[in-house]
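> The structure under discussion is supplied below as structure tokens; questions concerning it will follow.
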Amino acid sequence: MKKNFLTIACSILLAGTQPLIAQRSYDEVITTDNKIQDLVQNEITGVLVFKEGSTIKGINPDTKKIAWTLTKEDFGVTSATDILTDPDFGTIFKQKRDLSSVPNSPYVEAYINSKYLIINTETGKLVYNSSKESFWVFQSDFIPESNEYLLTLKSGENMAIALLDMQTGGIKWNTTVSKAKSLLSFSLKESANTNIAKINGNTIYYLLYGKLYSFDKSSGKLNWTAEEEYTKFFPTQNDKNLVVVNSKGLMSSKQYLNVLNTENGKSIWSESIKTKRVVYLEDWGTKLLVAHYSGFNFFDLKTGEKIWKKDARGDGLKRVIPIDQDFLYVAENEMMLINKNGEKLWKSFIEIADEKEDPIYYLGKVGDKVMYLTGTYGNMVDYKSGRKLWKRNIKFNNNRPVLPTYDENSNSYLVYNDEELYKFDPSIDDKPEPFAKVNIKREKELNSIELFPWGVVLSGPVEVMGVGMDGKVKYHDVYTQPGEGNRQLIKGASALGSLALGAGSFAKAVEGAEITMTYRDEAGVLRESIVRQADTGKQLQSAALGAGSAVMGQLFNKYGSRFNAMRQNKDFSYIYAKDPSGEKVLVKVRKADGVEVDKLIFKNDRPIYEVDPATQTVYYVLDNAVQVFYNKK
């Protein structure tokens, strides 16, 4: 008999006789008049918001009943006919998702009937409605510390910036900044990475398609517009300067770094630092540490003069990691440790990869050792001497995932590569042999390794494996999804696997390519809070920042346990699969033992669904209904 639904036979033998879980239908259903186009859950309130036809509704996560409804009577009509006839409007509007939950807030944004809406999911109140305006909103950024929105607008032939008060729903100010260019050359993804706002006290700095502006936050008065175009900017801790970076040349092959005066936006350095790529920045009050592609040095913040007489070697520099007042950095395929004076602390550079393009999955201090995991090698180095702990590197297969997870109890790392698991223990004298060899079926799709008291769990969109510390496979479940060719387009937890659920995820392991600014005092001690700013370009994920306003603070107090539950849920894998009977099902697998604890009947190849991490309730959209599956105890 042909098996489309694979629960590997050996896994049943290894895990014991796994009880057969009967597939089941929904526990209750919420029907609507029209087909449902989208469904999202707000991370703070837990309210499920869906759009059907010209209506938006909210589902209370506790009662599973419709809590509020918004109709076209609430939305109103678009009064500005020039908006509808603007060629940019239709194109950009089509790129928008119907609904999107705003991180770190109780709000959901909606795009419906050519209108941009902001809805408070707790009350169902329509906080903002663009149909009242003669402009259209091209980009919106929530500012959690003040419960405000910064809106990027196009009004006729002009581009403008506006500040929206979420308590009143009114525009505090609207300031024109430039003539509008055609926006069709910019995608929404590009705008999210290009248009960045930072708030410093009563000043808003906004980088809009390369032009840097300074606004008075209270009045909206435009303080200045920078003379040159930039791609990045960073406020300094003295409130008097901005560090700016601009990219020029084919494929941004050259970058220039300079320092501006915040009073007028003009450069205070006589000339910029020219390099292929800026990698890392630190603000030490009166001096600026700059690591770039071809150098590594301190500069006087006021004059731009070098403080070190000679750069630390930096050819092909691509990663900098501050450790106390030392700096561990990678140039090409080698690493070196230097102190704050640019002096080498190790006798020689240490090769950590075969090729300079090899990815770095982990590099950092573990106890009194430095551990590196790259696309080709793994080893540990004594922090003080730079001597390799193991004479021989562990050689990785660079065509396979390298996944690390930290075991705090033993101060060691467990690392997966090429169907083998290693334990990186700082106390051993030579490279470890793999403590487990496993047979992963869909290895290139693995995206997470998570630690349990008994061992580790390897998981991906269609596969989950538990391996004990003794090297024995505890369980192994592999599935085939319906519509296999469209699997990456599925919206829901199964498509994500556990990519964003645990600290050991692959995504976190390879972070570090983005330029950041670190702040220290004059003595070189790291400071956590220097500049009061909201990086709205990335919509900060910090609950503490959101608690800065009274309204947001109350919400976090009220929904704190739910909010925390939304952040971490590594206990289960939800896998969309095909059952032996031919039914399409969402399988809930408990990672602790690999047991299938639930099997929910779905009907289509590209399901839209949400899993409430706080209650494990599943909400699944099918045509004109939301099917609700309660957590099976």
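> Show the residue pairs meeting these rules: Cβ distance below 8 Å; 6+ apart or different chains; first residue within the stretch 124-141 and part of a helix (DSSP H, G or I); second residue among the β-branched types (Val, Ile, Thr) and surrounded by 22 or more Cβ atoms within 10 Å (Cβ to Cβ).
From residues that are part of a helix (DSSP H, G or I), the pairs are Ser130/Val137.
> Answer yes or no: is there a residue in the stretch 86-95 that is at pLDDT 90 or above, outside any loop (DSSP other than H, G, I, E, B) and surrounded by fewer than 19 Cβ atoms within 10 Å (Cβ to Cβ).
no
> Name the residues in the stretch 416-470 that are open to solvent by 40 Å² or more (accessible area, probe 1.4 Å), charged (D, E, K, R), closer than 22 Å to Ile394 by Cα and modelled with pLDDT under 90, would you?
Asp429, Asp430, Lys431, Lys444
> A follow-up question, please. Hey, among the residues in the stretch 275-307 that are aromatic (Phe, Trp, Tyr) and part of a loop (DSSP other than H, G, I, E, B), which one's nearest to Thr518 (Cα to Cα)?
Checked the stretch 275-307; the qualifying residue nearest to Thr518 (Cα to Cα) is Trp284.
> For the stretch 139-167, name all the residues that are of a type outside the set (Gly, Ala, Ser) and touching a Lys or Arg at 6+ places or on another chain (Cβ under 8 Å).
Selection gives Glu145, Glu148, Glu157, Asn158, Met159, Leu163, Leu164, Asp165.
> As an exercise: evaluate Ser498 against (1) touching a Leu at 6+ places or on another chain (Cβ under 9 Å); (2) open to solvent by less than 10 Å² (accessible area, probe 1.4 Å); (3) modelled with pLDDT under 85 and give the number of the one condition it does not meet.
Unmet condition: (1).
> Here is a check on your reading of the model: is Lys340 more than 22 Å from Arg520 (Cα to Cα) and open to solvent by 50 Å² or more (accessible area, probe 1.4 Å)?
No, not satisfied.
> Something else about it: For the stretch 355-371, which residues satisfy the criterion of being surrounded by fewer than 16 Cβ atoms within 10 Å (Cβ to Cβ) and assigned to a loop (DSSP other than H, G, I, E, B)?
Across the stretch 355-371, the qualifying residues are Glu355, Lys356, Glu357, Pro359, Gly367, Asp368.
> On to the next question. For the stretch 263-283, what are the residues that are surrounded by fewer than 20 Cβ atoms within 10 Å (Cβ to Cβ) and hydrophobic (A, V, I, L, M, F, W, C)?
Listed by number, the residues that qualify are Ile268, Trp269.
> If you don't mind, there's one more thing I want to ask. Asp311 fails exactly one of the following numbered conditions: (1) at pLDDT below 90; (2) closer than 23 Å to Phe396 by Cβ. What is the number of that condition?
(2)
> Could you grab me the full set of residues in the stretch 606-633 that are charged (D, E, K, R) and in a loop (DSSP other than H, G, I, E, B)?
Listed by number, the residues that qualify are Arg606, Asp612, Asp623, Lys632, Lys633.
> Pick from Lys318, Lys347, Lys340, Lys310: which is in contact with a strand residue (DSSP E or B) (Cβ under 8 Å, 6 or more places away or on another chain) and part of a loop (DSSP other than H, G, I, E, B)?
From the options Lys318, Lys347, Lys340, Lys310, the qualifying one is Lys340.
> Out of the stretch 33-54, which residues are surrounded by 19 or more Cβ atoms within 10 Å (Cβ to Cβ) and of a type in the set (S, T, N, Q)?
Passing the criteria: Gln41, Asn42, Thr45.
> While we're on this one: Condition first: of a type in the set (Lys, Arg), modelled with pLDDT of 90 or more and either farther than 21 Å from Val626 by Cα or touching a Ser or Thr at 6+ places or on another chain (Cβ under 7 Å) (or both). Now tell me which residues in the stretch 574-610 satisfy that.
Result: Arg590, Lys591.
> Could you check, for the stretch 566-573, whether at least one of its residues is polar (S, T, N, Q), surrounded by fewer than 16 Cβ atoms within 10 Å (Cβ to Cβ) and either outside any loop (DSSP other than H, G, I, E, B) or at pLDDT below 60 (or both)?
Scanning the stretch 566-573 turns up at least one residue that is polar (S, T, N, Q), surrounded by fewer than 16 Cβ atoms within 10 Å (Cβ to Cβ) and either outside any loop (DSSP other than H, G, I, E, B) or at pLDDT below 60 (or both).
> Separate question: Out of the residues in the stretch 284-298 that are of a type in the set (Gly, Ala, Ser) and open to solvent by 10 Å² or more (accessible area, probe 1.4 Å), state the one that is farthest from Leu317 (Cα to Cα).
Gly285
> Ok, one more. Exactly one of (1) open to solvent by less than 60 Å² (accessible area, probe 1.4 Å); (2) modelled with pLDDT of 85 or more; (3) not polar (S, T, N, Q) is unmet by Ala80. Its number?
Status for Ala80: all satisfied but (2).
> Are any residues in the stretch 143-161 touching an Asp or Glu at 6+ places or on another chain (Cβ under 9 Å) and in a strand (DSSP E or B), and if so, which ones?
Scanning the stretch 143-161 gives Glu148, Tyr149, Leu150, Leu151, Thr152, Leu153, Lys154, Ser155.
> Can we say Lys444 is under 25 Å from Tyr377 (Cβ atoms), in a strand (DSSP E or B) and basic (Lys, Arg)?
Answer is no for this residue.
> Please identify the pairs in which a residue from the stretch 259-287 that is over 22 Å from Tyr206 (Cα atoms) and of a type outside the set (A, V, I, L, M, F, W, C) has its Cβ atom under 8 Å from the Cβ atom of a residue that is assigned to a strand (DSSP E or B) and open to solvent by 60 Å² or more (accessible area, probe 1.4 Å), counting only partners at least 6 apart or on another chain.
So the pair list comes out as Lys274/Lys254; Thr275/Lys254; Lys276/Lys254.
> Here is a follow-up. Condition test on Lys603, is it over 13 Å from Phe572 (Cβ atoms) and open to solvent by 40 Å² or more (accessible area, probe 1.4 Å)?
When the stated conditions are applied, Lys603 passes them.
The values are calculated or read from the model by the stated rules, or taken from the named source; none is laboratory data. Bear in mind the structure is a predicted one, so any value in this text is a computation, not a measurement. Glycine also receives a Cβ, built like all others from the backbone with ideal geometry; neighbour counts cover every protein chain displayed. Ligands, DNA and RNA are excluded from the accessible area calculation, which covers all protein heavy atoms including side chains. Shrake-Rupley method; radii C 1.70, N 1.55, O 1.52, S 1.80 Å.
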